[in-house]
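S.K.: I'd like to ask some things about the structure below.
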Amino acid sequence: MKVKLEELRATAITAIAAAKNDDELYEIERSFTGRKGQLTALLKGLKDLSNEDKRIVGPLANKIKDDLQIEVGKRSAELKKEAFDAMSGAFFDASLPGNRPVVGRLHPITKFIQEIEDTFLSLNFDIAEGPEVEDDYHNFTALNIPEDHPARDMQDTLWAKNIPYLLRTHTSPVQIRYMESHKPPIRVVCPGRVYRKDDVDATHSPMFHQFEGLMIDKTTNLAHLKGILTVALRRLIHPDLELRFRSSYFPFVEPGMEVDVTCVMCNGDGCHVCKRSGWIEMLGCGMVHPNVMKSVGLDPQEYQGFAFGAGIERLLMIKFQINDIRLFFENDPRFLEQFPQI
Ligand code: FA5
């Protein structure tokens, strides 16, 4: 096998040196070191060798692969130089426009977070961030989810090994951190990444983004929640959006609600996306629970307010009619290039 490998190296080096252009060079490289290349085919016989021979032939094969890559690099540089030399003395029109450099763009999620921040800044909200590696107290206990409470199972948690930390399951712990360091009146939104032990499918990802909203003052009430969410979501998603508040349960709010919006795919007429209902569930919200107020040292007799938390990918899926959440994380330029530029 050693002899065959050396023969393959010699044949490959001759072929590389004879390549006439980059395409040919790339084909030659692929035919030797690619997944279906000659080197890979030869190495299939490695399993039949003795352990001692494997220890010699394995490193030799890796060395040959590295050597061939170096040869390809050298030949590519030579080809560039040959092309440049061939041009010198030729007619050169300095007035022709140059090649336009490829300019990067913001990821749609980054861009949408900026739009969320701009929208809420214009409504006089502050922006805050919190740690993605959280402690149990901020992610659960301070949010009125004590140990052994069944509500802990509402979100499947990724715990760190041997240390008392977890990957935050929602952006709600940022509410707690903000209230610990700021006195009312409070108006804040907190965007960021969150993590859950969810199985991946078209609408679920183990890492996704949320944004949290929190407003606390002496008379803040549900009408404020409805007004602010309506203005913000209409600006962010569609000017004709209608909101529907449905009662629901989250331990950190009372009363708790989920908000549905008119399905933008069918304009509320009913289609397969909204399961013929004309509505799509968008976020969770409610009036901050008195126990949460107490956990940050606020007197619930004096202060009241609302909180909401929404999934950013799900909002974008509705806004741009995207049918699979995985597209956001595959970084395929054909997907990313479809979003409006910065
Ligand atoms: C929460 O996470 C609450 N913290 C929201 C909240 C905040 C309620 C403040 C009340 C007051 P929930 O588990 O429903 O709630 O998640 C909120 C949103 O995150 C969902 O509506 C959905 O849009 C999104 N979401 C949840 N799981 C996933 C997932 N695996 N992949 C993508 N998006 C998800």
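S.K.: Of the conditions (1) open to solvent by 60 Å² or more (accessible area, probe 1.4 Å); (2) away from the ligand (no atom under 16 Å from the Cβ); (3) under 21 Å from P239 (Cβ atoms), E281 clears all except one; give me its number.
M.R.: Among (1) open to solvent by 60 Å² or more (accessible area, probe 1.4 Å); (2) away from the ligand (no atom under 16 Å from the Cβ); (3) under 21 Å from P239 (Cβ atoms), E281 violates only (2).
S.K.: Among the residues of the range 258-278, which ones are open to solvent by less than 20 Å² (accessible area, probe 1.4 Å) and at pLDDT 90 or above?
M.R.: V259, D260
S.K.: For residues that are among the acidic types (D, E) and free of Cβ contacts under 8 Å to residues at least 12 places away in the same chain, scanning just the range 58-91, find the one that is nearest to A17 (Cα to Cα).
M.R.: The selected residue is E78.
S.K.: Quick one: which of K218, K226 is away from the ligand (no atom under 15 Å from the Cβ), under 23 Å from V288 (Cβ atoms), surrounded by fewer than 19 Cβ atoms within 10 Å (Cβ to Cβ) and in the same structural domain as E117 (by TED's automatic domain parsing)?
M.R.: Of the residues listed, the single one that is away from the ligand (no atom under 15 Å from the Cβ), under 23 Å from V288 (Cβ atoms), surrounded by fewer than 19 Cβ atoms within 10 Å (Cβ to Cβ) and in the same structural domain as E117 (by TED's automatic domain parsing) is K218.
S.K.: With respect to G297, is the statement that it is at pLDDT 95 or above and more than 14 Å from the ligand (Cβ to nearest atom) true?
M.R.: yes
S.K.: Test each condition in (1) open to solvent by 40 Å² or more (accessible area, probe 1.4 Å); (2) among the β-branched types (V, I, T); (3) at pLDDT below 95 for I237 and report the one that comes out false.
M.R.: For I237, the exception is condition (1).
S.K.: Considering only helices (runs of 4 or more DSSP H) fully contained in the range 101-182, which possess at least 2 residues that are free of Cβ contacts under 8 Å to residues at least 24 places away in the same chain and assigned by TED's automatic domain parsing to the domain that holds Y195?
M.R.: Passing ranges, in order: 108-122.
S.K.: What's the total number of residues in the range 159-185 that are more than 12 Å from the ligand (Cβ to nearest atom) and touching a Leu at 6+ places or on another chain (Cβ under 8 Å)?
M.R.: The number of residues fulfilling the criteria is 7.
S.K.: Additional query: Would you say H182 is under 19 Å from R152 (Cβ atoms) and either modelled with pLDDT of 95 or more or open to solvent by 20 Å² or more (accessible area, probe 1.4 Å) (or both)?
M.R.: So H182 does not fit the description; no.
Table: residues versus (1) modelled with pLDDT under 95; (2) farther than 26 Å from L316 by Cβ.
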position	(1), (2)
V103	yes, no
E117	no, no
E129	no, no
R152	yes, yes
N162	yes, yes
V188	no, no
V200	yes, no
P206	no, no
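S.K.: Using beta carbons and a limit of 8 Å, which pairs, at least six apart or on different chains, have the first residue in the range 37-48 and assigned by TED's automatic domain parsing to the domain that holds N62 and the second one open to solvent by 40 Å² or more (accessible area, probe 1.4 Å) and among the hydroxyl-bearing types (S, T, Y)?
M.R.: So the pair list comes out as G37/S31; Q38/S31.
S.K.: Being of a type in the set (A, V, I, L, M, F, W, C), more than 15 Å from Q69 (Cα to Cα) and not in a helix (DSSP H, G or I) is the filter here; which residues of the range 19-56 pass it?
M.R.: The answer is L49, and nothing else.
S.K.: Another question, if that's okay. Among the candidates I176, I113, single out the residue that is surrounded by 21 or more Cβ atoms within 10 Å (Cβ to Cβ) and aliphatic (A, V, I, L, M).
M.R.: Residue meeting the stated conditions: I176.
S.K.: Sticking with this one: Report, by residue number, each residue of the range 241-257 that is more than 15 Å from the ligand (Cβ to nearest atom) and crowded, with 17+ Cβ neighbours inside 10 Å.
M.R.: Scanning the range 241-257 gives a single hit, L241.
The values are calculated or read from the model by the stated rules, or taken from the named source; none is laboratory data. In this text the structure is predicted, and so the values were computed from the model without any measurement. Please note: Cβ atoms are built from the backbone with ideal geometry, for glycine as well, and neighbour counts cover all protein chains shown. Surface accessibility is based on the protein's heavy atoms, side chains included, excluding ligands, DNA and RNA. Shrake-Rupley method; radii C 1.70, N 1.55, O 1.52, S 1.80 Å.
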